[in-house]
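Trainee: Quick one: this structure, given as structure tokens, is what I'll be asking you about.
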Amino acid sequence: MKRYELDGTYFYCPVDLTLSVIGGRWKSLVFWNLRDGTKRFGEIKKILVGINDKMLTQVLRELEKSGVVNRKVYEVIPPKVEYSLTEEGKNLLPVMQLMQNWGEKFETKGSV
């Protein structure tokens, strides 16, 4: 059986590994909202109504650690930090697009 490793954790299913990278309430939403380009912390927070600073910081760190989000710090005052998708993150966009398409069709069937 093939096994996959990410940050010291072993997965025996590639779907499980993928879900560990983008799964959860906020990770997928942060990731999806970076598809249109680079955003600053405050921009992301305005888009994601209900997320607090601590949770957004944690999610961005996890996505960065997984290698799908890039964090760029500018040495200016006040500090400026921008977030964008890495090339590996961009490779996940078709998966997310399929999830969006499925969700739209599921919703229109009145199943929700």
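Trainee: In region 27-72, which residues are in contact (Cβ under 8 Å) with a residue 60 or more places away in the chain and hydroxyl-bearing (S, T, Y)?
Mentor: Scanning region 27-72 gives S28, S66.
Trainee: Follow-up. If K72 meets every condition in (1) over 25 Å from V15 (Cβ atoms); (2) at pLDDT 95 or above; (3) surrounded by 12 or more Cβ atoms within 10 Å (Cβ to Cβ) apart from one, which number is that one?
Mentor: With (1) over 25 Å from V15 (Cβ atoms); (2) at pLDDT 95 or above; (3) surrounded by 12 or more Cβ atoms within 10 Å (Cβ to Cβ) applied to K72, the lone miss is (3).
Trainee: Would you mind listing the helices (runs of 4 or more DSSP H) fully within region 1-70 where at least 2 residues are closer than 15 Å to M96 by Cα and polar (S, T, N, Q)?
Mentor: 14-22, 25-33
Trainee: Can you find even one residue in region 88-95 that is modelled with pLDDT of 95 or more and in contact with a helix residue (DSSP H, G or I) (Cβ under 6 Å, 6 or more places away or on another chain)?
Mentor: Within region 88-95, none of the residues are modelled with pLDDT of 95 or more and in contact with a helix residue (DSSP H, G or I) (Cβ under 6 Å, 6 or more places away or on another chain).
Trainee: Here's another thing I want to ask about it. Among the residues of region 55-66, is there at least one that is surrounded by 13 or more Cβ atoms within 10 Å (Cβ to Cβ), in contact with an Asp or Glu (Cβ under 9 Å, 6 or more places away or on another chain) and of a type in the set (K, R)?
Mentor: No, that holds for no residue.
Trainee: Scan (1) of a type in the set (D, E, K, R); (2) surrounded by fewer than 17 Cβ atoms within 10 Å (Cβ to Cβ); (3) modelled with pLDDT of 95 or more for the single condition K39 breaks and write down its number.
Mentor: Only one criterion in (1) of a type in the set (D, E, K, R); (2) surrounded by fewer than 17 Cβ atoms within 10 Å (Cβ to Cβ); (3) modelled with pLDDT of 95 or more is unmet by K39, namely (2).
Trainee: Same structure again: Out of all the residues in region 81-90, which are surrounded by 10 or more Cβ atoms within 10 Å (Cβ to Cβ), of a type outside the set (A, V, I, L, M) and over 12 Å from the mean Cα position of the chain (by Cα)?
Mentor: Listed by number, the list holds a single entry, E82.
Trainee: Follow-up. Return the residue satisfying two criteria in turn: it lies in region 1-36 and is at pLDDT 90 or above and acidic (D, E), and of such residues it is surrounded by the fewest Cβ atoms within 10 Å (Cβ to Cβ).
Mentor: Of everything passing the filter in region 1-36, D36 is surrounded by the fewest Cβ atoms within 10 Å (Cβ to Cβ).
The values are calculated or read from the model by the stated rules, or taken from the named source; none is laboratory data. Just so we're clear, the structure is a prediction, and the values are computed from it rather than from any experiment. Every residue, glycine among them, receives a Cβ derived from its backbone with ideal geometry; neighbour counts consider all protein chains shown.
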